[in-house]
1. Looking only at the range 28-55, count every residue that is surrounded by 17 or more Cβ atoms within 10 Å (Cβ to Cβ) and over 18 Å from residue 271 (Cβ atoms) and tell me the total.
2. Residue 95 - would you say it is at pLDDT 95 or above, more than 14 Å from the chain's Cα centre (by Cα), in a loop (DSSP other than H, G, I, E, B) and closer than 20 Å to residue 324 by Cβ?
3. Residue 138 versus (1) in contact (Cβ under 8 Å) with a residue 60 or more places away in the chain; (2) touching a helix residue (DSSP H, G or I) at 6+ places or on another chain (Cβ under 7 Å): which is the lone unmet condition?
4. Is at least one residue of the range 196-207 assigned to a helix (DSSP H, G or I) and under 24 Å from residue 275 (Cα atoms)?
5. Just to check your reading of the model, which residue among 308, 316, 241, 326 is assigned by TED's automatic domain parsing to the domain that holds residue 208, out of contact with any helix residue (DSSP H, G or I) (no Cβ under 8 Å at 6 or more places or on another chain) and touching a residue at least 12 places away in the same chain (Cβ under 8 Å)?
6. Can you spot a residue in the range 174-183 that is within 21 Å of residue 71 (Cβ to Cβ), touching a strand residue (DSSP E or B) at 6+ places or on another chain (Cβ under 8 Å), in contact (Cβ under 8 Å) with a residue 24 or more places away in the chain and assigned by TED's automatic domain parsing to the domain that holds residue 198?
7. Does residue 116 qualify as being buried (at least 24 other Cβ atoms within 10 Å of the Cβ) and under 19 Å from residue 259 (Cα atoms)?
């Protein structure tokens, strides 16, 4: 390398360093609603730490778990209003508000949370700017498959839901429960154990590793081992905070709001939830059971009206539901994550 090139390189480094030194320092409040022992806590810490390093220390972070800054149902509005800077949201907690991304919640759609998260994130970027316009969308992902966990009886076929009180994972499963003659009991994940203990709910739809994490194994006995559904999640950011940042700082945030980061967030959680199946199977006080192919066919048929309800909501939002769903299914197929 010539002396001239070395001099130019040194000058560039000095300019870049000076620009970083002039950047305002931010401390982002990252809020979620699961316990600090949940894999999501470390994912947020790793994400924040990587941002801090990439920004030269000008973007710092602090994670607030367990609904410290607000209830689970409120996390989208918390990001919109600046109560937190980055929040973890479950769009399905607010029925009808985010119909497009709710496609990820449709029954029997995904078989793998890792490929599924990449597919959901890549597909949803086309719609996020309109559907989540109050915030800066960062990334989307799913947990590994969930199913029914009940107190007093096995749930084998759709007809077993009739007359039962079920806590659904999200609005789409709530529609399924209603369609089958059950009653929905609304409760965020941290409130589920109490609802079951008090008899307010008789069963819950939940991913497997989170059953013991939230103490739901203490109040359930029967667990249907079928990949009934996954849940779509997103990280969103306060727009005003993002707009305050320098161009260099915005680039750091943008570089951490990608499909690659969606996988990095989802992968440890996916492994954690999948390991929960074996953990519950090993417990002699409960029954983890499979269902026959004919029973699975009944469930698939029972889920068909749920897709129609979703399609109507998407149509009202101004989109072609067939094209929307095809786009997601194509992404899932490309990443070998379709059920």
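1. Count: 11.
2. no
3. (2)
4. At the first step, the residues of the range 196-207 found to be assigned to a helix (DSSP H, G or I) are 196-197.
Going one step further and asking which of them are under 24 Å from residue 275 (Cα atoms), we end up with 196.
Looking for residues that are assigned to a helix (DSSP H, G or I) and under 24 Å from residue 275 (Cα atoms), one finds at least one in the range 196-207, hence yes.
5. 316
6. The initial filter retains those residues of the range 174-183 that are within 21 Å of residue 71 (Cβ to Cβ), namely 174.
Among the residues that remain, those that are also touching a strand residue (DSSP E or B) at 6+ places or on another chain (Cβ under 8 Å) are: 174.
Right, trim to in contact (Cβ under 8 Å) with a residue 24 or more places away in the chain and you get 174.
Checking which are assigned by TED's automatic domain parsing to the domain that holds residue 198 leaves us with 174.
Yes, the range 174-183 contains a residue that is within 21 Å of residue 71 (Cβ to Cβ), touching a strand residue (DSSP E or B) at 6+ places or on another chain (Cβ under 8 Å), in contact (Cβ under 8 Å) with a residue 24 or more places away in the chain and assigned by TED's automatic domain parsing to the domain that holds residue 198.
7. In short, yes.
The values are calculated or read from the model by the stated rules, or taken from the named source; none is laboratory data. On a predicted model such as this, the values are computed, not experimentally measured, just so you know. Note that each Cβ is placed from the backbone with ideal geometry, even for glycine, and that neighbours are counted across all protein chains shown.
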